[in-house]
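The values are calculated or read from the model by the stated rules, or taken from the named source; none is laboratory data. Since the model is a prediction, treat every value here as computed from it, not as a measurement. Positions of Cβ are generated from backbone atoms using ideal geometry, with glycine treated the same way; all protein chains shown enter the neighbour counts. These accessible areas exclude ligands, DNA and RNA; they are computed on the full protein's heavy atoms, side chains included. Shrake-Rupley method; radii C 1.70, N 1.55, O 1.52, S 1.80 Å.
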Amino acid sequence: MELKGYSHKFGDDVNTDYIISGKYKFSTINMDELSVHLMEDLRPNFFNEIKKGDFIVAGANFGCGSSREQAPLVIKHAGISAVIATSFARIFYRNSINIGLPLVEVPTDNIAEGDLLAVDLEKGVVKNLTKEEVLKIKSLPKVMLKILQSGGLVNYYKKYGTLELID
(Lines give C-alpha, C1' and ligand atoms only; values in the text may rest on other atoms or scores of the structure.)
Protein backbone atom coordinates (compact mmCIF):
# COMPACT_ATOMS: atom_id res chain seq x y z
CA MET A 1 0.00 0.00 0.00
CA GLU A 2 2.09 2.93 -1.28
CA LEU A 3 0.69 6.44 -1.07
CA LYS A 4 2.20 9.43 -2.86
CA GLY A 5 1.47 13.14 -2.58
CA TYR A 6 2.62 16.54 -1.36
CA SER A 7 2.95 17.63 2.25
CA HIS A 8 0.83 20.33 3.89
CA LYS A 9 2.51 21.22 7.15
CA PHE A 10 0.88 22.16 10.46
CA GLY A 11 2.24 22.46 14.01
CA ASP A 12 1.70 20.72 17.33
CA ASP A 13 -1.61 20.17 19.12
CA VAL A 14 -3.93 20.44 16.11
CA ASN A 15 -7.25 19.69 17.76
CA THR A 16 -10.38 18.27 16.17
CA ASP A 17 -12.08 21.68 16.23
CA TYR A 18 -9.29 23.01 14.02
CA ILE A 19 -9.69 20.03 11.69
CA ILE A 20 -13.42 20.75 11.33
CA SER A 21 -14.98 23.59 13.28
CA GLY A 22 -17.89 22.80 15.57
CA LYS A 23 -20.01 25.45 13.86
CA TYR A 24 -20.18 23.16 10.82
CA LYS A 25 -20.24 19.78 12.59
CA PHE A 26 -23.59 20.56 14.17
CA SER A 27 -25.30 21.96 11.08
CA THR A 28 -24.82 19.10 8.61
CA ILE A 29 -23.55 15.55 8.27
CA ASN A 30 -22.99 15.91 4.53
CA MET A 31 -19.29 15.14 3.99
CA ASP A 32 -19.17 17.11 0.70
CA GLU A 33 -20.27 20.22 2.60
CA LEU A 34 -18.05 19.58 5.63
CA SER A 35 -14.85 18.73 3.75
CA VAL A 36 -14.59 22.18 2.12
CA HIS A 37 -14.09 23.58 5.65
CA LEU A 38 -11.16 21.27 6.48
CA MET A 39 -8.57 23.14 8.60
CA GLU A 40 -10.03 26.52 7.61
CA ASP A 41 -9.57 28.05 11.09
CA LEU A 42 -5.81 27.42 10.78
CA ARG A 43 -5.46 27.94 7.05
CA PRO A 44 -8.39 29.58 5.23
CA ASN A 45 -9.03 28.04 1.80
CA PHE A 46 -6.97 24.95 2.69
CA PHE A 47 -9.41 22.67 0.86
CA ASN A 48 -8.57 24.39 -2.43
CA GLU A 49 -4.80 23.92 -1.82
CA ILE A 50 -4.93 20.13 -1.64
CA LYS A 51 -4.97 17.52 -4.36
CA LYS A 52 -6.24 13.98 -4.01
CA GLY A 53 -3.53 11.87 -2.38
CA ASP A 54 -1.74 14.70 -0.54
CA PHE A 55 -0.67 14.41 3.10
CA ILE A 56 -1.30 16.46 6.21
CA VAL A 57 1.98 16.65 8.14
CA ALA A 58 1.99 17.84 11.75
CA GLY A 59 3.94 17.79 14.99
CA ALA A 60 2.91 16.24 18.28
CA ASN A 61 -0.57 15.38 19.55
CA PHE A 62 -2.46 15.68 16.24
CA GLY A 63 -6.22 15.18 16.69
CA CYS A 64 -6.46 16.14 20.36
CA GLY A 65 -9.73 17.55 21.70
CA SER A 66 -13.17 16.10 21.14
CA SER A 67 -13.60 12.48 20.14
CA ARG A 68 -16.03 13.06 17.29
CA GLU A 69 -15.48 10.89 14.23
CA GLN A 70 -16.20 13.79 11.86
CA ALA A 71 -12.56 14.95 12.08
CA PRO A 72 -10.93 11.89 10.45
CA LEU A 73 -13.95 11.43 8.16
CA VAL A 74 -13.59 14.99 6.81
CA ILE A 75 -9.84 14.51 6.24
CA LYS A 76 -10.43 11.27 4.34
CA HIS A 77 -13.36 12.66 2.35
CA ALA A 78 -11.29 15.70 1.30
CA GLY A 79 -8.84 13.35 -0.43
CA ILE A 80 -5.96 13.37 2.05
CA SER A 81 -4.34 9.92 1.76
CA ALA A 82 -2.74 9.89 5.23
CA VAL A 83 -1.80 12.08 8.16
CA ILE A 84 1.87 12.06 9.12
CA ALA A 85 2.69 13.38 12.59
CA THR A 86 5.14 13.02 15.44
CA SER A 87 2.30 11.67 17.60
CA PHE A 88 -1.50 11.41 17.67
CA ALA A 89 -4.21 11.79 20.27
CA ARG A 90 -5.33 8.31 21.27
CA ILE A 91 -9.05 8.51 20.36
CA PHE A 92 -8.34 10.27 17.06
CA TYR A 93 -5.87 7.51 16.22
CA ARG A 94 -8.42 4.75 16.80
CA ASN A 95 -11.23 6.62 15.01
CA SER A 96 -8.96 7.12 11.99
CA ILE A 97 -8.03 3.46 11.71
CA ASN A 98 -11.70 2.51 12.11
CA ILE A 99 -12.70 4.64 9.12
CA GLY A 100 -9.68 3.63 7.02
CA LEU A 101 -7.56 6.78 7.25
CA PRO A 102 -3.87 5.83 7.55
CA LEU A 103 -1.86 7.59 10.25
CA VAL A 104 1.92 7.53 10.26
CA GLU A 105 4.00 8.33 13.34
CA VAL A 106 7.44 9.65 12.47
CA PRO A 107 9.54 12.71 13.41
CA THR A 108 8.34 15.43 11.02
CA ASP A 109 10.91 18.19 11.66
CA ASN A 110 12.68 17.62 8.32
CA ILE A 111 9.50 17.53 6.22
CA ALA A 112 8.66 20.94 4.75
CA GLU A 113 5.53 22.38 3.18
CA GLY A 114 5.26 21.11 -0.38
CA ASP A 115 7.73 18.21 -0.11
CA LEU A 116 6.80 15.27 -2.33
CA LEU A 117 6.38 12.19 -0.14
CA ALA A 118 5.79 8.47 -0.69
CA VAL A 119 4.51 6.34 2.18
CA ASP A 120 4.72 2.55 2.10
CA LEU A 121 2.78 1.20 5.07
CA GLU A 122 3.78 -2.42 4.47
CA LYS A 123 7.52 -1.68 4.17
CA GLY A 124 7.31 0.84 7.02
CA VAL A 125 8.93 3.82 5.30
CA VAL A 126 8.25 7.43 4.42
CA LYS A 127 10.33 8.60 1.46
CA ASN A 128 10.85 12.33 1.16
CA LEU A 129 11.36 12.41 -2.62
CA THR A 130 12.12 16.16 -2.53
CA LYS A 131 15.02 15.78 -0.08
CA GLU A 132 15.94 12.18 -0.99
CA GLU A 133 15.53 11.03 2.63
CA VAL A 134 14.00 7.82 3.94
CA LEU A 135 12.35 7.74 7.34
CA LYS A 136 11.56 4.47 9.10
CA ILE A 137 8.05 4.58 10.52
CA LYS A 138 6.56 2.97 13.56
CA SER A 139 5.05 -0.19 12.13
CA LEU A 140 1.36 -0.88 12.48
CA PRO A 141 0.06 -4.18 13.80
CA LYS A 142 -0.93 -6.55 10.99
CA VAL A 143 -4.62 -6.32 11.88
CA MET A 144 -4.55 -2.52 11.50
CA LEU A 145 -2.93 -2.83 8.07
CA LYS A 146 -5.70 -5.24 7.05
CA ILE A 147 -8.36 -2.83 8.33
CA LEU A 148 -6.76 0.05 6.38
CA GLN A 149 -6.43 -2.06 3.23
CA SER A 150 -10.14 -2.90 3.54
CA GLY A 151 -11.08 0.79 3.81
CA GLY A 152 -11.96 0.70 7.50
CA LEU A 153 -13.40 -1.53 10.20
CA VAL A 154 -16.90 -1.79 8.72
CA ASN A 155 -15.54 -2.82 5.32
CA TYR A 156 -13.15 -5.28 6.99
CA TYR A 157 -16.09 -6.91 8.76
CA LYS A 158 -18.17 -6.98 5.56
CA LYS A 159 -15.26 -8.58 3.70
CA TYR A 160 -14.26 -11.21 6.27
CA GLY A 161 -17.41 -11.60 8.42
CA THR A 162 -15.35 -11.35 11.61
CA LEU A 163 -13.21 -8.94 13.57
CA GLU A 164 -10.54 -11.62 14.00
CA LEU A 165 -7.32 -11.23 12.00
CA ILE A 166 -7.61 -13.10 8.69
CA ASP A 167 -4.35 -13.88 6.87
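Tabulated results
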quantity	calculated
Simple label model, 7 Å out from Cα along Cβ direction - M31 to S67, nm	2.2 nm
Mean separation of Cα contacts under 8 Å, 6 or more apart, over the residue count of the chain: relative contact order %	23 percent
Percent accessible area from carbon and sulfur atoms, the chain, protein chains only, probe 1.4 Å	51 percent
Links that overshoot a 19 Å alpha carbon limit, given the list K23/K51; K25/K159; K4/K123; K4/K136	K23/K51; K25/K159
Among beta bridges that DSSP assigns inside the range 61-134, antiparallel share in %, nearest 5	60 percent
Over the range 63-161 - Rg/Rh using Cα atoms and the Kirkwood inverse-distance radius	0.97
Residue-normalised accessible area of the range 86-160, given per residue in Å² at a 1.4 Å probe	52 Å²
Per DSSP, loop chymotrypsin sites (Phe, Trp or Tyr not before Pro) in the range 19-80 with at most 15 further Cβ within 10 Å	F26
Using θ = phi - 60° and Karplus 6.51 cos²θ - 1.76 cosθ + 1.60, couplings along the range 113-128 (whole Hz; Gly, Pro as x)	3, x, 5, 7, 10, 10, 10, 10, 5, 6, 7, x, 9, 10, 9, 8
Range in the chain, longest, excluding exposed trypsin sites (Lys or Arg not before Pro) [loop by DSSP; at most 15 other beta-carbon atoms within 10 Å]	53-122
Residues whose placed amide H lies under 5 Å from that of A82, excluding near-sequence neighbours	I56
